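Q: Quick one: this structure, given as structure tokens, is what I'll be asking you about.
Every number in this text was worked out from the coordinates using simple rules, so none of it is lab data. Here the structure is a predicted model, which means the values were calculated and not measured. Here the Cβ is made from the backbone with ideal geometry for all residues, glycine too, and neighbour counts use every protein chain on show.
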Amino acid sequence: VDKGAIRHVLKGSKIMSPGLTSKGGCIEGEMKKGDAVVVMAEGMKYALAVGILDMDASEIRETKKGVAIDNILYLNDGLWQATAPKAEVADEQKSSGKNKKQEDDVAGADAEITFDDEDL
């Protein structure tokens, strides 16, 4: 998705076609409605969300409007946090050099990933 869509996706919004068809967005391949897809953010290394296509990829490119992907799992939602490999998240935060912080839950094992404004 393009940079303008990132904040909305991180709040659980559905992914709209313009976020995929604009200059910063991209939709590759010939995926079909109902296919599971990984959503990548413009300029970012890791997945932002996982979703289900609401229309074929060709239709998204042609119409350039409407809901393209149902957002079923997004960065830092409850399920994402429950399944994230804790050691890898902590290592990534330390090596990135950016202002990312780790917050411990009661058990002291969960990590929170945050973005600086320049990342968005």
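Q: I'd like to know which of A5, G29, G66 lies farthest towards the positive end of the charge dipole of segment 1-67, counting +1 on Cβ of Lys and Arg and -1 on Cβ of Asp and Glu.
A: Farthest towards the positive end: A5.
Q: Quick check on my link table: of K3/K65; K11/K33; K3/K64; K3/K23; K33/K64; K32/K65, which ones sit more than 20 Å apart, alpha carbon to alpha carbon? Don't jump to the answer; show the numbers that get you there.
A: Numbers: K3/K65 17 Å; K11/K33 23 Å; K3/K64 17 Å; K3/K23 10 Å; K33/K64 15 Å; K32/K65 17 Å.
Violating the 20 Å limit, Cα to Cα: K11/K33.
Q: Based on the Kirkwood radius over alpha-carbon pairs, what value in µm²/s does the Stokes-Einstein equation return for the translational diffusion coefficient of segment 1-85 at 25 °C and 0.890 mPa s?
A: Stokes-Einstein gives a translational diffusion coefficient of 194 µm²/s.
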